[in-house]
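In what follows, a structure is listed as structure tokens, so that the remarks can point back to it.
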Amino acid sequence: MSDIPVPSQHEVTREVADVPLRFPARRAWWIAFGIALALLSLFVVSVVHLLMNGPGIWGNNMPVNWGFPIFVYVWWLGLGHAGTLISALLLLLGQEWRNALNRFAEAMTLCAVICAGIYPIIHLGRPWFLYWMFPYPATMGVWPQFRSPLEWDIWAVMTYLIVSAIFWYIGLVPDLATMRDRARSLAKKRIYGLFALGWRGQAIHWLRWKKLYRLMAAIAVPLVVSVHSEVSLLFAAGQIPGWHSTIYPPYFVLGAAFSGFAIVSMIAIVVRRAFHLEALVTNRHLDLLGKVLLASGLMTAYGYVFEAFDALYSGDAHEIGTLMDRVGGVYLWSYWGAIILNFLPLQGLWFARVRNSPLLLFLISASVMIGMWMERYMLLVTSLYQDFLPSSFGRYTPTFWDWSTYIGTLGLFLTPFLLFLRFIPSISMFEEKEIADG
Amino acid sequence: MSGGSIDIPSMRARLSGRKGRRYWRAIEEIADDPYFARTLKSEFPAVAQLFDTDRRNLLKVMAASLALGGLAGCDVKRSDEAVPYVIQPDGMMPNDARRYATAVTLDGWAQPAVATCYAGRPVRLDGNADHPMSLGRADMFTQAAVLDLYDPDRGQAPLRAGLEAGWPLFETELATLRTRWLQTGGKGLALLCGPTTSPTLLGQIDALRRQMPQARFHMAHGPSTALRPQATRLAFGQLLEPMLELGRAKVIVSLDDDVLGPGPRQLRHSIAWAAHRGEDVAMADRIALHVAEVVPGHAGAMADSRIAVAPSRIWPLAAAIAHGVGVGTPMANLSPQEAIWVDRVVKMLKQHPGRSLFTIGATHAPEAQALGFAVNQALGNIGRTLWFAPSPAQDFGSIDDLAHDLHAGSVEALFILDTNPIDEAPADLDFAGAMKKAAIAIHAGSRPDETAALCHWHLPIRHVLEDWGDARAADGSVCLSQPLVQPLYDSRSRHEIIALLGSAQPLSARELVRRQWAALDDEQWTKALLAGFVEGQDWQPVSAQPRIPVAPPPPAADRGVEIVIRPDPTIWDGSRANNAWLQEMPKPLFKMAWDNIVAMGPEMIARLGVRDGDGVRVSHGGATVDGPAWTVPGMAPNTIALFLGYGRSKVGRVGDNMGYPVAPVRKAATPWAMTGGGVAANGVRHVIAVSQLHRHIEGDDLIRVVDTIPPARSRREDPPSLYPKWKEEGPQWGMVIDLDRCTGCGACVVACTAENNVPVVGKEEVARGRDMHWLRVDRYHEGDPVQPSLTAFQPVPCMHCEQAPCEMGCPVHATVHGPDGINEMVYNRCIGTRTCSSFCPYKVRRFNWFDYTKGKPESVQAQRNPDVTVRGRGVMEKCTYCIQRVRAATVAADKGDGRIPRDTVKTACQATCPVDAIVFGDLADPESAVSRLKRSGRNYVLLEELGTRPRTSYLARIKPEDDDQGDERA
């Protein structure tokens, strides 16, 4: 990727390392952090209210007994996809342009997976018994039920979270050492030093590091596919029309990647503007992100087409009924909202001018984020509210607490992410240097 | 609202454009209108609601349902001398269930029952298997009556001017009155009692009548009696009780008499009717039922032919049928549709003289009813399918007479026993104003209600489970009730209170009842108490000849909408309004709960430009009531129905301020049907607790109908499955539900609620789609949206699938497959992922969204079934096939040879089902009743194509043989 203009090694270190050490946008950061904390408090209040009273505070009912907690979980987990995909897959494929993006993409992944991971827990009727889903040596000899897609889900998400965290941290070690060396106060030196694990930049360090990093990347890549495939089985394993389809795993993975690239684009645009890193995250990067976004979007669109085709081709009255509910039912806004927001603005990305415009790319990505949210809503609610027996058909109306919990998770996402931006090099310095002239 | 009106032609077009059987549950489904989307769109509840008014409401409801508040300090004991055992006798297990025969009443009629008591607490009521009318079955009112015992809003002590006062003070005040009455022969005393058939009470009143010849005695009639007294007086010159023998008839023609509908006779009629339907009954032996009805009812749903007629058409139809069978009335003008129907039923009636039955609803004009008796006379049915019993109301004045006397000032002292005229009497009687003219008014009743509030005294009477008593069942037999528990409150027996009117030292209730049956020796008496009824004391037929000709009723003042007034399907005349089980029970044909509605046909809904739940103002003769409009397919044209029992202000915490009162528009002259009414939208929007938005599915086969009984066959091939079959050991439990028998009465739902401690969640939660009933009765219509050609009921418990999607979904083994085929729910293991319910194709699972049961005083547990876990928050629950009964039978069998005797385990729904539609048993035993039915050619399972292999299956409904009316009905 020699066509990407890269700054000199010195510039990289200065530009990136200066961000945590001499934070350039203190005021903006504090405002953002204040908002994030406010949202986080909303989340805490919502969860406390939930734990005091029970899941009845939400709009869930019979038949829509999964609601916001589950589809928002899927949405967050989808966002969390791009981090690992960009870092690990592109690393293995030698796409070096990813070196400008991988650090914050991975951090975003971690934060999103935290938001995602907390939802299935609080959505439980009795969250304090969550540990029953783990295969611990219970005195009663009861094991989890391994046929359940929820059980696979726990494994998939936990594995993904752990591997993503390790991968991110390993990638961070050399830069933490740089931070340690450049930090002025003793406290910062000590803290960065602690986490730098005694990194001295010896050749043997690099050798071992490279092996480990590549190994972790190789482990992480299949997880990208497995975790969202698994999430899709949460739905596809049930017999509910609109869920019970083999297209679900790839459909979910592609949708996840799509929404993930959208949020990476948004963060890249914000970060480079806020921290004046235009030299590192260049228009060329945006152009590439735009292309990837377009490609994954088109693949997701293929999923939409095939989902509808599947239902029609099956000739199954229930499947067709659910398709009709989606395109013309009470919640048709979620179906058409998803189609319009996901795919209409996306077509602008065929044009280089649009891809190179941070504002337009940002707006298209934001549209995709909302569109994918609607898609998750649509996939869950429009399948459940009218399944088989007309007598059990119902309606779903989210309550204040559904929204407050959801908006609260934005705080849960932003708070750690802002702390990351503040204290940790948000762009991988040494990797960026690798592709610099050295 | 005008923009949201529905378009019937387009609905019909939509329906006709589809192939296969089409079911629909609500008009909106066919209308496919975005209106509902709009109304249901999410709104942010105010922050004020954060801490949940709903929950408070819910707790209120729960508290009332299950005893409580003031009760916490009371002991609930069996009324025997309570002496604790020092040494427990051999074989006596304090927690074993004990069963006592007793009877509860509806409209004064006995419902034979057996009460199950644990540790001296009556926990549930079932039918009395020894009683020939009940055969162990019970209707929903009987099932729910146990809850009234624990009602915290019952009268707890005598009230004088609304303040607590002791019985001694009442006795002192009464003594003065009694002395005067005994001197004057009771001049100025008027007694009004609720409907009763109690020989003891009637005997006591007779005695009073002899003691005080100047006193006046009145009886208020329940909705099941309605205008029968007037009709029989017109026809026979005396008050008689018509007794229908459905089982002896080959053809039944009903003019708006819902013989299978709710009421004191539902059980008797349903059992007799169902005995001629089902698997082993030849087509020729089935009873043909032809119904012309105003409001769709259970009889209409099960009828071989049905037409919807306005109430003003009942007389012309009766006259035409009378003409047809040769009674000699002039022929009336009929519409073409009516004429076809009348021709058909007249032909059938004439084919079966002496084996036919013609009946007209008790709420219709006495003249029409009298003509009906003449028709039966002409057909030779009297004494065969119809006989007459002496009416208990024979020597009583009516409530209209009483109001007249009160207004005239001739009543000084008014004594009201167990009735609520302020709430129930038509407004034009001005009963409240009339009562003020009495110098003293005394109310003895179960609760300090609207009438009690206007009386000087309120005297709490005992619940039937706390009291001695007797009453006649709908077959004329005498049932006894005996106290099973110490009175919870400072109440007295109604018999003792009546006795107090005539004597300062009255006998006890037990002595009074015993004295009534003094003819029995002690052995016979004990036997009668054990059995719950007195043998050999049944009513004997009165020979009676109806007068002919019958003059037509006065012509109706026409123009305008016709209004009929009906008892509520679940809370009856309001006497059950504080019973949360009955409030939460969806009205069988309307599928909404916790409210009364203004029922009208789709055409009128369209004409008014309203939607279900939009407020309408009903006016008649200057009076108005406001209530929510509700579409009822199959309603008579240009007719609306109002339902009693709601709009209460002093019934208690459950029933207060629900729905609208009907009394304001009722007229004493025409209390049940009025012409010349008006109805108009009033712009109010009501929240109705219903899960109503159901849609037909193309090509779906939920309710199967067969032309004739197909030949039996062996069990069909199971659809393929990836999973291996579960290991099957011992008995294999399964269930069959016969749709040809199910009349949709709903007794099974209340029985399930009582047996399984199913929580009541309240109106708001039901409106959110969170009702907790383990067993629901789905109602489907087929055909024309205005006059459906088929109305079918389908009870849906858990299907207990052999390849259950729920079991596969649960991550923690909380729902597992038992070796006996029961899909078990392990509450303690459930963490509430709700995957099981998401994956359940039948949506029979229920979730504890809140803690629906916790936080009650200790006494709440008095009603709960100790054999069933009370579920906490965040736990899934569902039908278990009454696993506690299965396990109890297994334990009992293990003491013997380990085999459970054939067909001895009955689920609660099965045991109570009046029509034997639900059969449960062991599929591994090829000779069990359930195995035999599974081999029926009518047997099918829901959603077979999913491969879930349900253990619960259905028997297809059988189409009436002569179905030539199908097309004309459209």
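Hey, could you check segment B:407-434 for residues that are of a type in the set (A, V, I, L, M) and touching a strand residue (DSSP E or B) at 6+ places or on another chain (Cβ under 7 Å) and say which is nearest to residue B:565 (Cα to Cα)?
B:427
Of all residues in segment B:905-951, exactly one satisfies the criterion of being of a type in the set (Ser, Thr, Tyr) and in a strand (DSSP E or B), namely B:940. Which residue is nearest to the other protein chains (Cβ to nearest Cβ), if the candidates are limited to segment A:206-260 and must be farther than 17 Å from residue A:71 by Cα and small (Gly, Ala, Ser)? Out of the qualifying residues, it is A:245.
Only residues that are touching a strand residue (DSSP E or B) at 6+ places or on another chain (Cβ under 8 Å) and more than 7 Å from chain B (Cβ to nearest Cβ) were counted in segment A:360-401, giving 0.
Checking B:213, B:132, B:158 one by one, the residue that is in contact with a Leu (Cβ under 8 Å, 6 or more places away or on another chain) and either surrounded by 23 or more Cβ atoms within 10 Å (Cβ to Cβ) or at pLDDT below 95 (or both) is B:158 and no other.
Residues are listed down the side, and each one gets a yes or a no for (1) touching a residue at least 12 places away in the same chain (Cβ under 8 Å); (2) among the small types (Gly, Ala, Ser):
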| position | (1), (2) |
| --- | --- |
| B:578 | yes, no |
| B:589 | yes, no |
| B:599 | yes, yes |
| B:602 | yes, no |
| B:607 | no, no |
| B:617 | yes, no |
| B:621 | yes, yes |
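Looking for whichever is modelled with pLDDT under 95, surrounded by fewer than 23 Cβ atoms within 10 Å (Cβ to Cβ) and touching a helix residue (DSSP H, G or I) at 6+ places or on another chain (Cβ under 7 Å) here; the options are A:418, A:384. Which one fits? Break it down stepwise before answering.
Details: A:384 fails: surrounded by fewer than 23 Cβ atoms within 10 Å (Cβ to Cβ).
Just a single option satisfies the conditions, and that option is A:418.
Residues that are within 13 Å of chain B (Cβ to nearest Cβ), among the small types (Gly, Ala, Ser) and assigned to a helix (DSSP H, G or I): does segment A:280-290 have at least one? Scanning segment A:280-290, I find no residue that is within 13 Å of chain B (Cβ to nearest Cβ), among the small types (Gly, Ala, Ser) and assigned to a helix (DSSP H, G or I), so the answer is no. Screening B:911, B:917, B:888 for residues that are out of contact with any helix residue (DSSP H, G or I) (no Cβ under 9 Å at 6 or more places or on another chain) and either crowded, with 20+ Cβ neighbours inside 10 Å or closer than 30 Å to residue B:275 by Cβ (or both) leaves exactly one candidate, B:888. For segment B:769-797, enumerate the residues that are farther than 22 Å from residue B:704 by Cβ and among the small types (Gly, Ala, Ser). Hit for segment B:769-797 is B:769, nothing else. Filtering segment A:137-177 to residues that are more than 10 Å from every other protein chain (Cβ to nearest Cβ) and surrounded by fewer than 17 Cβ atoms within 10 Å (Cβ to Cβ) leaves A:137, A:138, A:139, A:141, A:158, A:159, A:162, A:165, A:166, A:169, A:170.
Quick one: which of A:327, A:354 is away from every other protein chain (no Cβ under 14 Å), part of a helix (DSSP H, G or I) and at pLDDT below 95?
Values: A:327 fails: away from every other protein chain (no Cβ under 14 Å).
Result of the check over A:327, A:354: A:354.
Looking at segment A:31-45, is at least one residue within 11 Å of another protein chain (Cβ to nearest Cβ) and over 22 Å from the mean Cα position of the chain (by Cα)? Yes, segment A:31-45 contains at least one residue that is within 11 Å of another protein chain (Cβ to nearest Cβ) and over 22 Å from the mean Cα position of the chain (by Cα). For segment A:361-375, the candidate set comprises residues that are buried (at least 24 other Cβ atoms within 10 Å of the Cβ) and either out of contact with any helix residue (DSSP H, G or I) (no Cβ under 8 Å at 6 or more places or on another chain) or not hydrophobic (A, V, I, L, M, F, W, C) (or both); within that set, the residue that is nearest to residue B:793 (Cα to Cα) is A:375.
How many residues does segment B:911-930 contain that are touching a residue at least 60 places away in the same chain (Cβ under 8 Å) and not hydrophobic (A, V, I, L, M, F, W, C)? Show your work before the answer.
Here is the first cut: in segment B:911-930, the residues touching a residue at least 60 places away in the same chain (Cβ under 8 Å) are B:911-925, B:930.
Still in the running and not hydrophobic (A, V, I, L, M, F, W, C): B:912, B:914, B:916, B:921-922, B:925.
Result for segment B:911-930: 6.
Quick check: is even one residue across segment B:743-758 of a type in the set (D, E, K, R), part of a loop (DSSP other than H, G, I, E, B) and either buried (at least 24 other Cβ atoms within 10 Å of the Cβ) or touching a residue at least 12 places away in the same chain (Cβ under 8 Å) (or both)?
no
Given the structure, is residue B:356 crowded, with 21+ Cβ neighbours inside 10 Å, over 29 Å from residue B:199 (Cβ atoms), at pLDDT 90 or above and in contact with a Lys or Arg (Cβ under 9 Å, 6 or more places away or on another chain)? Yes; evaluated as a whole, the condition is true for this residue.
Within segment B:804-819, not a single residue is away from every other protein chain (no Cβ under 11 Å), surrounded by fewer than 23 Cβ atoms within 10 Å (Cβ to Cβ) and within 34 Å of the chain's Cα centre (by Cα).
Considering A:83, A:94, A:78, A:117, which residue is away from chain B (no Cβ under 14 Å), under 22 Å from residue A:256 (Cβ atoms), at pLDDT below 95 and surrounded by fewer than 20 Cβ atoms within 10 Å (Cβ to Cβ)? Let's see the steps before the verdict.
Working: A:83 fails: surrounded by fewer than 20 Cβ atoms within 10 Å (Cβ to Cβ); A:94 fails: under 22 Å from residue A:256 (Cβ atoms); A:78 fails: surrounded by fewer than 20 Cβ atoms within 10 Å (Cβ to Cβ).
None of the other options fit; the residue is A:117.
The values are calculated or read from the model by the stated rules, or taken from the named source; none is laboratory data. Note that the structure is a prediction, hence the values are computed from the model and not measured. Cβ: placed from backbone, ideal geometry, glycine included. Neighbour counts: every protein chain shown.
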